[in-house]
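S.K.: The structure follows.
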Protein chains: 2
Amino acid sequence: MTPPSRQALVPFVSVDHMMQLVHHVGIEPLLVELADAIEADFRRWPDFDKTPRVASHSDIGVIELMPTSDGQHYGFKYVNGHPGNMRQGLQTVTAFGVLADVATGYPLLLSEMTILTALRTAATSAMAARWLAPHDSRVMAMIGNGAQAEFQALAFKAICGIAEVRLYDIDPAATAKCVANLAGRGLRVVPCASAEEAILGAQIVTTCTADKQYATILSDNMVGAGVHLNAVGGDCPGKTELHRDILLRAGIFVEYPPQTRVEGEIQQLDPDHAVTELWQVIAGHVPGRTRADQVTLFDSVGFAIEDFSALRHIHKRLQGTGLFLDLDMIADPDDPRDLFGMLCRAAPRQDAA
Amino acid sequence: MTPPSRQALVPFVSVDHMMQLVHHVGIEPLLVELADAIEADFRRWPDFDKTPRVASHSDIGVIELMPTSDGQHYGFKYVNGHPGNMRQGLQTVTAFGVLADVATGYPLLLSEMTILTALRTAATSAMAARWLAPHDSRVMAMIGNGAQAEFQALAFKAICGIAEVRLYDIDPAATAKCVANLAGRGLRVVPCASAEEAILGAQIVTTCTADKQYATILSDNMVGAGVHLNAVGGDCPGKTELHRDILLRAGIFVEYPPQTRVEGEIQQLDPDHAVTELWQVIAGHVPGRTRADQVTLFDSVGFAIEDFSALRHIHKRLQGTGLFLDLDMIADPDDPRDLFGMLCRAAPRQDAA
């Protein structure tokens, strides 16, 4: 049998490859690069085919496909959300994704995206804060200290200059894990006994909790003037983190309204409540934060373009590293009309007709 | 570093594995098994989450995601359609797919699907003909002798008892390829110089051409009473193969109307023109062919459930064969909340903080 041609091979980035790539580049530099890549794609937002994620819901979770294209590349992510997985020692969220060439439809890259999603989510949050948070922000409260927490902390350090993170989780073990993981990384890390304590002196409050229910992680009186809220955890129907009254007095910035109206904090508001698309701020069409005492909210649910940017950046960053495995994923007959002939020629000798 | 656990590994069926599996089972037996698996899933059609495919169109092609779920398993296929690819020696259609566990959202299988799509498309066509074609059908005309042709011929032999295929293609080289590939497989193979010649004496006419345009492969006067039409090639907006007048006098059977109205032959008809869902025939709710002189049409565009059935069958058939490669695709920290810790522990010694 002839070995498959270059076109038929798709580079696959495994979990181990991705971890090696992160260390090769450095976690903070990679977060900065991803934030820049995502920001550049938000700036050319109208170039993209956009659609809300395609979700398949069950009683205990959801499996989603998140596709987008800029006319040159096409990307999609497969991602699940199963809050009960943790009880079986499994990840709540796992993901993988594909980048493809629009001109031929051939895949260019298959990659794990559990780690990459953690990185891109944190990079997106910090990128948004660069446009929305008070410019002198040095202290961030992190409410919810699960799998995303350290990534958020380092992204805000590297991208926004945060020097202190104040941690709170209903489970002290999660906070302890986070404290240990962030030790020696140049951040002042303060574990707190309550959400109220965590937000003391914070210019930025990040909420990143996991329960699928209408939760009130922050009540109205906890949010002072001028604070920037980065609401990461509310990302599906029925899952919110902020009291509705906070939303009513905040300047609200979102990724893609048709998706955020269903999945974000603003599912609690009227469907015509005014929100600003973050890309419009980045493209210079509308202002971000307008007053020092304004409460700004990035109601983040995660959008396909962020995954697209991340996949494209990883595809670029992979060159020369060897941190991938070529997969024989695309059938590649010498004559494209002769798929059947290729199949026949692959028959073991004794079975040949 | 600890090696990833079993949960984190996803079996990958490469193109070469798939070809070996096909020969291990036998092409015709596998086509029969796939037809039975697809038929069984059509019979329980209401169990499935159904959505038209999610398409990203460009000037020169389309990339699509086709997801579905029966509440226990979730499957999706990535497939492109680029008619111009052939001129660069690339496949018009390539595909891969994933089967996942709805309970956890974890992928169970990643598989090439270029070959598997060719098999499932042929198996679906022949399965539909089992319900719709005249019972004594022995002769099939095959108009369009490209990559799908031999799969169709063998499926109709194995599943419907077709003994003679009459081949026609505007490109005689395609017909010659098809004749050579089908030699010695127990079919009488008759190359023809025109579509008119090909349909002589045929009870079943399969059209499977590739151009994206409103083509008239069959005109009205070519289709005699009692014939079953298997229209495979028309499968996207603007791509049809049959003259509208044929449709007006045929009993039309489709997979999923919301998709077929846009992509199938019936895009030429009023949006409320009566069509029958094939699954209703299989489930015994409505009759298939009602008269010996009825013209029946299976207006096939390919639906996600067929891919789901094929993936599930391959997943079952794979057991014990070793015809797969385990991919480290799912991040698997010991503590699911400690994704960052897993990443840190993977750091090369010299970089460790």
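Derivation of every value follows stated rules applied to the coordinates shown; laboratory data play no part. The structure displayed is predicted, hence computed values, not measured ones. Virtual Cβ from ideal backbone geometry, glycine too; neighbours counted across all protein chains shown.
S.K.: What whole number of Å gives the distance from the Cα centroid of the range B:91-140 to the Cα centroid of the range A:151-207?
M.R.: Distance between centres, Cα-based: 50 Å.
S.K.: Sticking with this structure for a sec: Would you work out which of B:Ala274, B:Ala155, B:Asn221 lies farthest towards the positive end of the dipole of the range B:121-303? Charges go on Cβ: Lys and Arg +1, Asp and Glu -1.
M.R.: In the range B:121-303, that residue is B:Ala155.
S.K.: How much of the DSSP beta bridge set in the protein assembly as shown is antiparallel, as a percent to the nearest 5?
M.R.: Working: 62 of 126 bridges.
Beta bridges within the protein assembly as shown, antiparallel portion: roughly 50 percent.
S.K.: I'd like the distance separating the alpha-carbon centroids of the range A:25-68 and the range B:1-51, in whole Å.
M.R.: 29 Å
S.K.: Using Cα springs under 10 Å in a Gaussian network model of chain A, which residue among A:Ser194, A:Ser58, A:Ser125 shows the largest mean-square fluctuation?
M.R.: Maximum among the listed residues: A:Ser58.
S.K.: Calculate, for A:Gln72 and B:Ala173, the FRET efficiency according to 1/(1 + (r/R0)^6) with r their C-beta to C-beta distance and R0 25 Å; round to the nearest 0.05. Show your work: numbers first, answer last.
M.R.: Numbers: r = 33 Å, r/R0 = 1.34.
Step by step, r from the Cβ atoms, then E = 0.15.
S.K.: Moving to a separate point now. Copy-to-copy spacing for B:Arg43, label 7 Å out on the Cα-to-C-beta vector, in nm, shortest first?
M.R.: 6.0
S.K.: Among DSSP beta bridges lying fully in chain B, give the percent that are antiparallel, nearest 5.
M.R.: Details: 31 of 63 bridges.
Just about 50 percent of them are antiparallel.
S.K.: At B:Ser219 and B:Leu248, where each label point lies 7 Å from the Cα along Cα→Cβ, what is the point-to-point distance in nanometres?
M.R.: About 1.6 nm, to one decimal.
S.K.: For a quick check: with amide H placed at 1.01 Å from N, whose amide H comes under 5 Å from B:Leu327's, ignoring anything fewer than 5 positions away on the same chain?
M.R.: Under 5 Å from the amide H of B:Leu327: B:Val10, B:Phe12.
S.K.: Next question, about the same structure. Between B:Phe96 and residues 5 or more places away or on another chain, which pairs have amide H atoms under 5 Å apart, with H built 1.01 Å from N, and which residues are they?
M.R.: Counting only residues 5 or more places away or on other chains, the set is B:Tyr78, B:Met113.
S.K.: Just to verify a number: FRET efficiency for A:Asp335 and B:His57, C-beta to C-beta distance, R0 = 35 Å, to 0.05?
M.R.: Calculated transfer efficiency: 0.80.
S.K.: How far is B:Asp245 from itself in the other copies, in nm, if each label sits 7 Å out from Cα along the Cα-Cβ line, shortest first?
M.R.: 7.5
S.K.: Report relative contact order for the range A:242-353 in percent, whole number only (criteria: Cα-Cα under 8 Å, sequence separation at least 6).
M.R.: About 26 percent, as a whole number.
S.K.: Same structure again: Counting other Cβ atoms within 10 Å, keep those with at most 14, restrict to DSSP loop, and tell me which trypsin sites (Lys or Arg not before Pro) in the range A:11-93 are left.
M.R.: A:Arg44
S.K.: Same structure, new question: Residues with amide H under 5 Å of A:Val205's amide H, sequence separation 5 or more or different chain, H placed in the peptide plane at 1.01 Å from N; which?
M.R.: Counting only residues 5 or more places away or on other chains, the set is A:Ala141, A:His228, A:Leu229, A:Asn230.
S.K.: Along Cα-to-Cβ, 7 Å out, sits the label point; list in nm, shortest first, how far the one on B:Gly201 is from those in the other copies.
M.R.: From this label point to the equivalent ones elsewhere in the assembly: 9.4 nm.
S.K.: Which whole-Hz ³J(HN,Hα) couplings does the range A:73-82 yield from phi under the Karplus relation 6.51 cos²θ - 1.76 cosθ + 1.60, θ = phi - 60°, glycine and proline marked x?
M.R.: 10, 10, x, 8, 10, 9, 8, 10, x, 10
S.K.: For the range A:123-302, what is the charge dipole size about the Cα centre, in debye to the nearest 20, if Lys and Arg each add +1 at the Cβ and Asp and Glu each add -1 at the Cβ?
M.R.: Numbers: 14 positive and 20 negative charges, 113 e Å.
Using Cβ point charges on Lys, Arg, Asp and Glu, the range A:123-302 gives about 540 debye.
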